[in-house]
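Shown next, in structure tokens, is the structure this report addresses.
The values are calculated or read from the model by the stated rules, or taken from the named source; none is laboratory data. Treat the numbers as computed from the prediction; the structure is a model and nothing was measured. Every residue, glycine among them, receives a Cβ derived from its backbone with ideal geometry; neighbour counts consider all protein chains shown.
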Amino acid sequence: MLLNSCNWPLIPADETGESSGNICVRSSTPQTRRCIAISEELLAANEELFSNNEELAFTKLDLQPANEQLTSLKDELRARNACLAQLSGDLTSLLEGLEMPILVVHAGQRIRRVTPAARRLLNLANGDIDRPLHEVAFHLGILDWDHLFKEVADTPQVVEREMKDQNGHCHLLRIRLTPHPGTGSRVSSLR
């Protein structure tokens, strides 16, 4: 004999003796109807959970290739970052080893890189990186950096200017634009 969750006897819904999925009981009291309703709700909830579980399994299968691709891209980015760090270190070592004052300025006339000789000549500190050139190089006697950079941008030649530092020593300022690798934009270089 079949019993429901309230221990009431269950009988098949059709007369053949086979269950058709509908639950019928011999006595129909309010408590019995409540147990039947709860059982039906639990069955419906169980079916919904089963359906959701299947959907989640399919979603997991769909996401697995994307996750593998992201892992592969992450590994590629790590390798590229390691390569860029090595190149940056090489460039820094090269610039640190030069005894020539070189100042690399990007298109916005902000300082990008400086050699030790340029730091000494211009009295620059590490905090001066990314500062506007006219704020740190005002003592070079060049009043209009915008005009000078426009002149450099209009010619493929190196533009030269004589200048004096704070101590009255003469220096030759050479400015040229060089293409920035990978972007095609041009970067100014002061020597």
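Residues in the range 96-127 that are touching a strand residue (DSSP E or B) at 6+ places or on another chain (Cβ under 6 Å) and either of a type in the set (D, E, K, R) or not assigned by TED's automatic domain parsing to the domain that holds N167 (or both): R110, R112, R113.
Which is outside the structural domain of F149 (by TED's automatic domain parsing) and modelled with pLDDT under 90, of E54, E15, E41? Spell out the reasoning first.
Values: E54 fails: modelled with pLDDT under 90; E41 fails: modelled with pLDDT under 90.
E15 is the lone residue from the list that is outside the structural domain of F149 (by TED's automatic domain parsing) and modelled with pLDDT under 90.
Every residue, every condition in (1) modelled with pLDDT under 75; (2) loosely packed, with under 14 Cβ neighbours inside 10 Å; (3) outside any strand (DSSP E or B), yes or no:
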| position | (1), (2), (3) |
| --- | --- |
| I142 | yes, no, yes |
| H147 | no, yes, yes |
| K150 | no, yes, yes |
| T155 | no, yes, yes |
| E162 | no, yes, no |
| G168 | no, yes, yes |
| H171 | no, no, no |
| R176 | no, no, no |
| G182 | yes, yes, yes |
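Table: residues versus (1) among the polar types (S, T, N, Q); (2) in contact with a Pro (Cβ under 8 Å, 6 or more places away or on another chain); (3) closer than 30 Å to A117 by Cβ.
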| position | (1), (2), (3) |
| --- | --- |
| I38 | no, no, no |
| L42 | no, no, no |
| N52 | yes, no, no |
| L56 | no, no, no |
| D62 | no, no, no |
| L70 | no, no, no |
| A85 | no, no, yes |
| T92 | yes, no, yes |
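For the range 115-132, a residue qualifies if it is under 30 Å from the mean Cα position of the chain (by Cα) and in a helix (DSSP H, G or I), and the qualifying residues are N126, G127, D128.
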